[in-house]
Amino acid sequence: MAFPPPKFVTGLKCFVCGSTYQYGNMMTCPSCGIQGILDVQYDYDALARYFKHESLNHRPLDHWRYRELLPISSEISLPNLQVGSTPVYDSPRLARAVGIGQLFLKDDGRNPTSSLKDRASSIGVLKAIEFGYTTIACASTGNAASSLAGLSAATGLQSFIFVPERAPEPKVTQLLIFGATVLKVKGTYEQAFDLCREACVEFNWYNRNSGTNPFLVEGKKTAGLEIVDQCKDHLPDWVVVSVGDGCTIGGIGKGFQEMKRLGFTERAPRLLGVQAEGARPIVDAFCSGKDLVPSEPHTLADSIAVGTPRNWRRAIQQMKASSGDMITVADEEILEAMRMTARLAGVFGEPAGIAAVAGLKKAIEQGIVKSNESALVVITGNGLKDISSAKQAAGEALHIEPNIDALSHALPVLSMSNVLSQS
Ligand SMILES: *Cc1c(COP(=O)(O)O)cnc(C)c1O
């Protein structure tokens, strides 16, 4: 069955050479190769007439509310899992601890497979269906893979996931429970990635490659659309996002620009991008103004441990458009922020998500963000995704004998270890 093309999409434009292409099943720019990331273009004049405040009032609370701003055919059926419309919490105690007037947390760990990646995968599965595929594949051990497996299960697609042989068992289990075929490649992540790309061509599978697929980032964009939609008159001065490949922050920035263009807000928040000290190629390119230099990543925040980011041009373009800035944080600062966010705001995020809280704290200390400003941090993934890092941050339980005397002796020690939560 052939689906009509997305109504408001006018074409695809290359970030490197600026060439534009007709809408269709494309990955990267034919003349620039893998570097030539494509950006989906829309007819904003037509959208401005059609997509208004009032149109949102009666729509369900999920990210398909913004359907006209997504590259999906109007005749395709949507997955029935609730993607998006994740909560925004005002977090005054955490705000005081990091030294800012007002702080909001947007908990994207509340998505179906517990990370922001569901926003992208939900678009990926629909593109596969629209372009006539029955099978979709990706190479990853992380949130991209689990969300692809979950969304494929919800839409009846077959999924193949290529993981390096050393992939952690809990993550592989999450893939298998959704019915994905998991292929452990005897080699590195890069080799798994290359084999996946070759297999997609050979067997006619759709490639859900987060870094280069032009449509997936449009799904991540909905986090930005949603922030404007949810915060209304309280739109924060800064929005803080952790950065790996750069698609998330680039997508969120695009969402802000679109909401401004369509009259939903008069100003876009400034973006603060946060990378780990051991995986900072985009920060280096942002500061030097030069092309990105790949590096070997070392950080416990595995979801942002990206040495060769694909979408760095988009990330930097959006950071500049918003008069934003970038900062790096050490692993110890991430662990400290995990404790603070859990104990002072009740939100348990994985290291990559919480890196943004650590980055905000540091940006306030360095005067990049002023203490009388407001900020919203996107918590991109749930803490149960990576229990071994969480254990490093959380500490140990106390063992006691099953009698009240033993408990009485233990209590002073227990209350000591809870000091932080009283502040
Ligand atoms: C993927 C991911 C990120 C970073 O997104 P990029 O698009 O790679 O920059 C941040 N946090 C979590 C939890 C992620 O899974």
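The values are calculated or read from the model by the stated rules, or taken from the named source; none is laboratory data. All values derive from a computational prediction rather than experimental measurement. FYI the Cβ positions are ideal-geometry reconstructions off the backbone, even for glycines, and counts take in every protein chain you see.
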**Prompt:** Counting only residues that are basic (Lys, Arg) and farther than 22 Å from residue 136 by Cβ, which one in region 72-120 is farthest from the ligand (Cβ to nearest atom)?
**Reply:** 96
**Message:** With within 14 Å of the chain's Cα centre (by Cα), in a strand (DSSP E or B) and among the charged types (D, E, K, R) as the only criterion, which of 106, 184 stands out?
**Reply:** 106
**Prompt:** Just checking, which of 83, 125 is part of a loop (DSSP other than H, G, I, E, B) and either in contact (Cβ under 8 Å) with a residue 60 or more places away in the chain or surrounded by 24 or more Cβ atoms within 10 Å (Cβ to Cβ) (or both)?
**Reply:** 83
**Item:** Criterion (closer than 22 Å to residue 307 by Cα, out of contact with any His (no Cβ under 9 Å at 6 or more places or on another chain) and of a type in the set (A, V, I, L, M, F, W, C)) met by exactly one of 243, 239, 201, 228
**Value:** 243
**Message:** Considering only residues that are within 17 Å of the chain's Cα centre (by Cα), part of a helix (DSSP H, G or I) and closer than 17 Å to residue 239 by Cα, which ones fall in region 325-357?
**Reply:** 352, 353, 354, 355, 356, 357
**Prompt:** Which of the following residues is among the β-branched types (Val, Ile, Thr) and over 19 Å from the mean Cα position of the chain (by Cα): 98, 88?
**Reply:** 98
**Fill in**
Residue pairs within 6 Å by beta carbon, gap of at least six or interchain, first lying in region 284-311 and in contact (Cβ under 8 Å) with a residue 40 or more places away in the chain, second among the charged types (D, E, K, R) and near the ligand (Cβ under 9 Å from one of its atoms), listed first then second, are 306/245; 309/245; 310/245; 311/245
**Prompt:** So which of 243, 239 ends up being modelled with pLDDT of 95 or more, closer than 27 Å to residue 62 by Cβ, in contact with a helix residue (DSSP H, G or I) (Cβ under 6 Å, 6 or more places away or on another chain) and not basic (Lys, Arg)?
**Reply:** 243
